[in-house]
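Q: This is the structure I want to talk about, given as structure tokens.
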Amino acid sequence: MFSIADLGRSVPRSPLGWLFEGTTRPSAVVWAPALLIAGLLLTGPAYLTLRTLGAGPEAIDLILRPRTVAVIVRTVALMAAVMIGCIAIAAPLAWLTVRTDLPGRGFWRVATMLPLALPSYIVGFAIAVGLGPRGILQGWLEAAFAPFSITIDRIPSIYGFPGAAFTLIIISFPYVLLPIRAALWNMDTSLEESARVLGRTRRQTFTSVTLPMLRPAILAGGLLAALYALSDFGAVAIMRYETFTWSIFIQYGAALNRTLAAAWSLGLIVLALAVVWGEHVARNAGGGRYYLSGGGATRLPTPVPLGHWRWPALLYCGLVAIVSLGLPVAVLAYWTVRGVLAGEPLELLWRAAANSVGVSALAAVLTVLCATPIAVLAVRYPGLFSRWLERLGFIGFALPGIVIALGLVYFGANYAPWLYQSLAMLALAYVTLFLPAAVGSLRTSLVQVRPEFEDAARSLGKSPLTVLFTITLSLIRPGILTGAALVFLLTMKELPATLILSPIGFTTLASSIWAAAEEAFFARAAAPALLLVAVSSVPLALITMREERRRG
């Protein structure tokens, strides 16, 4: 006779055993790559620390300035608003597109993810042009009320906190939508069926069984949305809402005080760690487990019939898609047509598109590979090392791309000159920036997999590497695909690190759009932006169709 505890003790003990809780210890297959990834993630904070400490006592004065407190308050307020707004939009969307008989569910799954492909500065510009003073909306209102002799001189300003929060919410809610959707795909339906058999209504089953099991996914997505709001520059700059990131960009870009920028970046790290810690506490509140109660493949329950709620559900999905995707795309199409009519050559920049797709695919693969050991350590081997490694991974997502890029430039110039301005260094920057997106998706899927499956494979003599590739990764495939798609989309639109670290002559769609927009050639920037959306929709459509076939 043997028990699960016996299987745990049979796992080889690692040199880092004192850093992990419980009787089981990770093998070198897991913790050795994790150590290398930790070194990569520390590059940015190390650069910032050296830069800040180089100022001596002046660094303390920079950090304790009264203006810094005001910037912190504005930044935290924006993060909270974006996180709450994204959860409020994404949770109903995920439920409607996975668990109900909503018409056109495949279309809505793709359409509601596409806002991730839009750069924040493009969406901010579209919102300002469409909803700002003297914008398209005001023109429509003036024309509509003109027959009634009503003059619309000015509409409420969209700039400041409302505009920044609105812009970030409509492009960030897919961060929450994707992990919730992956969790619904993988959820053990037998628990919900048991609740229904015991007399619970659909609503009671959802609130007492489904929603608690979705908590890790909701919190993981909310964390990503909050950290994205923390690191974004484009939306807050266009909406003129000063946050840490905007202040850092001003200091770096104008070369006013890079020591102050480094000190503020360290403040971003502290805020990011605080958010990650809060997510960890909320996720583990009350304990519990989220994996399958039995063996075998997961299956979706019978879709919930919407009945007379079908039309309100379609209206809700349509409004979200129109505001988050339709409005920016319509503005881009308007500028494209306007440019063509004015004689602007229609340059779609196919070479830049090929570069974007290639480097985004490379970043997606590398990031998922790096995220796997972190997710496995966090879920299967909790302890001091795994907790801090997981939190360390979120630092890169909270820092502006320019900070990560400068940290890698510092590392390359001093320790690895052969990496400078190479595609490998650019890929490392993407991994550092977008690792949390993959970790969150993998972690959400992994917590739903029974650890006994892996223990049983090890008891049969399978090596840890074999168990990882044949058992664990196959069971968390939805999370892997979701994480890879998320990283692909984020890389497609990433700008600061691309501008700084790209090899000479290497251009992407994002850098081409920025180059045209920076010179106020909006018509020239609109066509590549539309192409960026079109190219990004392809992997999303393929993943959605694959899930439809697998679940159908």
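Q: Restricting attention to segment 188-206, which residues are among the hydroxyl-bearing types (Ser, Thr, Tyr), modelled with pLDDT of 70 or more and closer than 17 Å to Thr100 by Cβ?
A: Step one: of segment 188-206, the residues among the hydroxyl-bearing types (Ser, Thr, Tyr) are 189-190, 194, 201, 205.
Checking which are modelled with pLDDT of 70 or more leaves us with 194, 201, 205.
Passing the criteria: Thr201, Thr205.
Q: Let me ask something else. If you check Ala282, Ala364, which single one turns out to be under 22 Å from the mean Cα position of the chain (by Cα), at pLDDT below 75 and outside any loop (DSSP other than H, G, I, E, B)? Write out each step before concluding.
A: Details: Ala364 fails: at pLDDT below 75.
The unique qualifying residue is Ala282.
Q: Is segment 319-329 home to any residue that is part of a helix (DSSP H, G or I), under 21 Å from Ser512 (Cα atoms), open to solvent by 90 Å² or more (accessible area, probe 1.4 Å) and touching a residue at least 60 places away in the same chain (Cβ under 8 Å)?
A: no
Q: Spot the failing condition for Val431; the list is (1) out of contact with any Cys (no Cβ under 6 Å at 6 or more places or on another chain); (2) part of a helix (DSSP H, G or I), and only one is missed.
A: Every condition holds for Val431 apart from (1).
Q: Name every residue in segment 134-159 that is within 31 Å of the chain's Cα centre (by Cα) and either at pLDDT below 70 or within 29 Å of Ser511 (Cβ to Cβ) (or both), in order of residue number.
A: Across segment 134-159, the qualifying residues are Gly135, Ile136, Leu137, Ile158, Tyr159.
Q: Would you please name the residue that is surrounded by the most Cβ atoms within 10 Å (Cβ to Cβ), looking only at residues in segment 409-425 that are assigned to a helix (DSSP H, G or I) and in contact (Cβ under 8 Å) with a residue 24 or more places away in the chain?
A: Of the residues in segment 409-425, the ones assigned to a helix (DSSP H, G or I) are 409-415, 417-419, 423-425.
Now drop any that are not in contact (Cβ under 8 Å) with a residue 24 or more places away in the chain, which leaves 409-411, 423, 425.
On the way: Val409: 18, Tyr410: 17, Phe411: 19, Leu423: 16, Met425: 22.
Looking at the filtered set, the residue picked out is Met425.
Q: Return the pairs, sorted by first residue and then second, in which the second residue is open to solvent by 50 Å² or more (accessible area, probe 1.4 Å) and of a type outside the set (Gly, Ala, Ser), the first residue lies in segment 348-359 and is outside any helix (DSSP H, G or I), the beta carbons are less than 8 Å apart, and the residues are 6+ apart or on different chains.
A: Leu349/Thr507
Q: Moving to a separate point now. For segment 207-231, name all the residues that are open to solvent by 10 Å² or more (accessible area, probe 1.4 Å), modelled with pLDDT of 75 or more and either under 18 Å from Phe125 (Cα atoms) or hydroxyl-bearing (Ser, Thr, Tyr) (or both).
A: Selection gives Tyr228, Ser231.
Q: Next question. Please specify each residue of segment 240-259 satisfying the condition of being over 28 Å from the mean Cα position of the chain (by Cα) and either surrounded by 15 or more Cβ atoms within 10 Å (Cβ to Cβ) or at pLDDT 65 or above (or both).
A: We begin by selecting, within segment 240-259, every residue over 28 Å from the mean Cα position of the chain (by Cα); these are 254-257, 259.
Asn257, Thr259 - these are the residues of segment 240-259 that are over 28 Å from the mean Cα position of the chain (by Cα) and either surrounded by 15 or more Cβ atoms within 10 Å (Cβ to Cβ) or at pLDDT 65 or above (or both).
Q: Evaluate the following for Arg109: is it charged (D, E, K, R), farther than 18 Å from Ile238 by Cβ, open to solvent by less than 40 Å² (accessible area, probe 1.4 Å) and modelled with pLDDT under 85?
A: On the way: charged (D, E, K, R): yes; farther than 18 Å from Ile238 by Cβ: yes; open to solvent by less than 40 Å² (accessible area, probe 1.4 Å): yes; modelled with pLDDT under 85: yes.
When the stated conditions are applied, Arg109 passes them.
Q: If you check Thr302 against the conditions, is it touching a Lys or Arg at 6+ places or on another chain (Cβ under 8 Å), hydroxyl-bearing (Ser, Thr, Tyr) and modelled with pLDDT of 70 or more?
A: Working: touching a Lys or Arg at 6+ places or on another chain (Cβ under 8 Å): no; hydroxyl-bearing (Ser, Thr, Tyr): yes; modelled with pLDDT of 70 or more: yes.
In short, no.
Q: Next question, about the same structure. What helices (runs of 4 or more DSSP H) completely inside segment 452-506 contain at least 2 residues that are within 30 Å of Asn355 (Cβ to Cβ)? Before the answer, list the steps.
A: Values: elements: 464-467, 477-493, 496-501.
Where helices (runs of 4 or more DSSP H) fall fully within segment 452-506 and carry at least 2 residues being within 30 Å of Asn355 (Cβ to Cβ), they are 477-493, 496-501.
Q: Do you know which residues across segment 427-474 are touching a helix residue (DSSP H, G or I) at 6+ places or on another chain (Cβ under 7 Å), open to solvent by 40 Å² or more (accessible area, probe 1.4 Å) and without any contact (Cβ under 8 Å) to a residue 40 or more places away in the chain?
A: Ile471
Q: Right, something else. Among the residues of segment 374-387, are any without any contact (Cβ under 8 Å) to a residue 24 or more places away in the chain and either open to solvent by 30 Å² or more (accessible area, probe 1.4 Å) or farther than 30 Å from Ala527 by Cα (or both)?
A: Here is the first cut: in segment 374-387, the ones without any contact (Cβ under 8 Å) to a residue 24 or more places away in the chain are none.
No, the conditions are met nowhere in segment 374-387.
Q: Let me ask you something else. Does segment 63-73 contain any residue that is among the charged types (D, E, K, R), modelled with pLDDT under 80 and not in a helix (DSSP H, G or I)? Please lay out each step first, then the result.
A: First, the residues of segment 63-73 that are among the charged types (D, E, K, R): 65, 67.
If we keep only those that are modelled with pLDDT under 80 too, we end up with 65, 67.
Add one more test, that the residue is not in a helix (DSSP H, G or I), and what stays is 65.
Looking through segment 63-73, at least one residue is among the charged types (D, E, K, R), modelled with pLDDT under 80 and not in a helix (DSSP H, G or I).
The values are calculated or read from the model by the stated rules, or taken from the named source; none is laboratory data. Because the structure is a prediction, the values reported are computed rather than measured. Note that each Cβ is placed from the backbone with ideal geometry, even for glycine, and that neighbours are counted across all protein chains shown. Ligands, DNA and RNA are excluded from the accessible area calculation, which covers all protein heavy atoms including side chains. Shrake-Rupley method; radii C 1.70, N 1.55, O 1.52, S 1.80 Å.
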